[in-house]
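In what follows, a single structure is set out as structure tokens and then discussed.
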Amino acid sequence: MSKVLVIEDQDDIRSIICEILMAENFNVIDAEDGHIGVLLAQEEMPDLVICDIMMPEFDGYSVMTQLRQNPYLQSVPFIFLTAKASKTDLRLGMELGANDYLTKPFTRDELLGAVNAQIETLSIHNSDDRPTWSDHCCDLIQSLPLEIHQPLEHILTLAQSSQENEDPKNTTPAKDILNEIKSTGDLLYERLQNVFIYQELASIEQNPQRLRIFRKNTGICATKAVISNIARTQAQYYSRTSDLQLELKDATILLAQPKLQKIIEEIVDNAFKYSAVGTPVSLKSSVHGQTFFCQITNEGQGPSPEQLTKLGSHMQFDHPSYLHKCVGLGLIIAKLIAELHGGELQVKCELSQHTKVSVFLPLA
């Protein structure tokens, strides 16, 4: 169901437009002035905006100028309503990026014709640009390319089958080699996934249309159980359950569960991987205003100053070449996920032996 924002200061006209659109099963939001319209557009991420030009204080041109400054709303179709349509008005609107005009008074068919034309055009673009991110699995992309996935999956399946059929009492070098093949294959699979995940996120980041759709289809999840389960699983994997310290406050955030899982998995894995057994790995979470805050701390050596610089300025890098020299791609992915959803990720290292990773995410 397409979402349409109607901005019109005359109550009777606004009511008629809303009734016509709702009768055609559009999801309609309405605002009585430009200021409210801008706020609703930023909150609701509509698929189409219908806006009157002549409004007091904040007119239609001002609304469009404000919305076009938002990267998530730059490509939203915009239909102007006007009681006059001089060449000067038309030219100014088109220069600002208007998609169509309706001159008052207009008929029901004229309104629906203009709206349906813009929605149809938008759906064509969306079908080409819609991100492949799945909210129903832990992986952030659907699958690896077939040419890579099939042989790697075959290796992992053979290794796992051989492990399951192996005599538990067998301590020969062949068993150690088999275990090494399986663990190395799993690591390769994980790293390949991260490469494709990074490329997918970078592509979304650089495409305003995909970015708007991506952010619009955010999802929500409760944080405490997700973070706790991942932290305990990672601690068990590294045989460090006694090192894990949890102090978690629950919250519902504007982020789908698989995406939160990916952020926490990458950060917690690094925390255990780069710190010594017997040193604490701490996870604390809290809520400040409309922001969820989670901090992961360990006493191992964190990223170098050069790596932190690259992490902080990844948006300025040439993405394909960056892949070949990037250390800690998982942390870059976690940072990108947070930022693409209006959040933030910060890394602080103290004396090269104390690392804090802080994640800030918007509440639902």
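Tabulated data
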quantity: In Hz, Karplus ³J(HN,Hα) per residue of the stretch 251-260 (6.51, -1.76, 1.60; θ = phi - 60°; x = Gly, Pro); calculated: 7, 10, 10, 8, 6, 5, 4, x, 6, 4
quantity: Hull shadow area, averaged, the stretch 1-52 [alpha-carbon convex hull, nm²]; calculated: 3.0 nm²
quantity: Global form of the stretch 166-289, assessed from the alpha-carbon gyration tensor, a/c cut-off 1.5; calculated: oblate
quantity: Residues listed by number, the stretch 254-290, amide nitrogen under 15 Å from residue 3 label point at 7 Å toward C-beta; calculated: 254-256
quantity: Extension reserve of the residue 241-residue 339 stretch, reckoned as 0.36 nm per residue once the Cα distance is removed; calculated: 32.2 nm
quantity: Convex hull volume per residue for the stretch 228-284, taking Cα atoms only, in Å³; calculated: 73 Å³
quantity: Relative packing of peptides 185-195, 7-17, 31-41 - highest average C-beta neighbours within 10 Å first; calculated: 31-41, 7-17, 185-195
quantity: Fully extended contour minus Cα-Cα distance, from residue 23 to residue 166, at 0.36 nm per residue; calculated: 44.9 nm
quantity: Selection from 275, 199, 233 lying farthest towards where the dipole of the stretch 159-283 points positive, charges on Cβ; calculated: 199
quantity: Contour minus Cα-Cα distance for residue 279 and residue 184 (0.36 nm per residue); calculated: 31.6 nm
quantity: When each of 284/335; 249/356; 182/284; 249/335; 224/348 is checked by Cα-Cα distance, pairs over 30 Å; calculated: 182/284
quantity: Cα centre as origin, Lys/Arg/Asp/Glu Cβ charges: the stretch 160-285 dipole, Debye; calculated: 660 debye
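Every number in this text was worked out from the coordinates using simple rules, so none of it is lab data. Computed from a predicted structure; not experimentally measured. Note that we place each Cβ from the backbone using ideal geometry, even for glycine, and neighbour counts take in every protein chain shown.
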